[in-house]
Amino acid sequence: MSNNPNMINPLSLAFVGDAVYTLEVRRRLTLDSLRHVNDLHKESVKYVNAASQSQAVKKLLPVLTEEEESIFKRGRNAHAGHTPKNQSEGDYHYATGLEALFGYLYLSGENERIKELFDTIWSESNG
């Protein structure tokens with residue numbers, strides 16, 4: 001396994017990025033309101049799905065660096081070898097690209113950039 005995130009398969013980056021993105025959503029929901037765990041889970045599902053993540057990445061595209069956009073495209077264009085259930089294929093690919101970007105940033109130690117990008121998504125989704 002490479003210690004260089006540039007050398008990691010984009011689907012592996014997405015695997016890590018899915019967890020990072022989910023954690024950011026859960027962190028934000030928990031800090032933004034006092035809710036019961038069941039309500040937090042139901043609310044998080046609204047954000048952690050292919051359609052919502054596809055919309056989120058479209059908000060980010062104008063602010064991504066060239067390198068970040070390249071990582072997103074690697075993830076978007078990666079083929080997982082299965083057909084998504086209950087979601088469009090386009091949304092699924094965009095969501096995979098977003099997750100690959102978050103995985104890349106996390107493995108690169110770019111935690112401030114993760115927060116910055118997630119703040120952009122969150123403020124536009126809830127503002």
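The values are calculated or read from the model by the stated rules, or taken from the named source; none is laboratory data. Note that the structure is a prediction, hence the values are computed from the model and not measured. We place every Cβ from the backbone using ideal geometry, glycine too, and count neighbours over all the protein chains shown. With ligands, DNA and RNA removed, areas are computed over all heavy atoms of the protein, side chains included. Shrake-Rupley method; radii C 1.70, N 1.55, O 1.52, S 1.80 Å.
One residue is enough: does segment 49-56 have a residue meeting the conditions surrounded by fewer than 14 Cβ atoms within 10 Å (Cβ to Cβ) and in a helix (DSSP H, G or I)? Checking segment 49-56: not a single residue is surrounded by fewer than 14 Cβ atoms within 10 Å (Cβ to Cβ) and in a helix (DSSP H, G or I).
What are the residue pairs meeting all of these: first residue in segment 76-100, first residue part of a helix (DSSP H, G or I), second residue at pLDDT below 80 and exposed (fewer than 15 other Cβ atoms within 10 Å of the Cβ), Cβ atoms under 8 Å, and 6 or more apart or on different chains? Hits for this filter: Glu89/Thr83; Thr96/Ala80.
For segment 1-18, the set of residues classified as open to solvent by 40 Å² or more (accessible area, probe 1.4 Å) and closer than 20 Å to Thr120 by Cβ consists of Asp18 only. Number of residues in segment 1-19 that are over 15 Å from Leu101 (Cβ atoms) and not in a loop (DSSP other than H, G, I, E, B) equals 1. Go through segment 20-41 and give me each residue that's free of Cβ contacts under 8 Å to residues at least 40 places away in the same chain, surrounded by 13 or more Cβ atoms within 10 Å (Cβ to Cβ) and either polar (S, T, N, Q) or part of a helix (DSSP H, G or I) (or both). If the condition is that a residue be free of Cβ contacts under 8 Å to residues at least 40 places away in the same chain, surrounded by 13 or more Cβ atoms within 10 Å (Cβ to Cβ) and either polar (S, T, N, Q) or part of a helix (DSSP H, G or I) (or both), then Thr22, Leu23, Val25, Arg26, Leu29, Thr30, Leu40 are the ones that fit. Farther than 20 Å from Val25 by Cβ and exposed (fewer than 13 other Cβ atoms within 10 Å of the Cβ): does that describe Glu66? Answer is yes for this residue.
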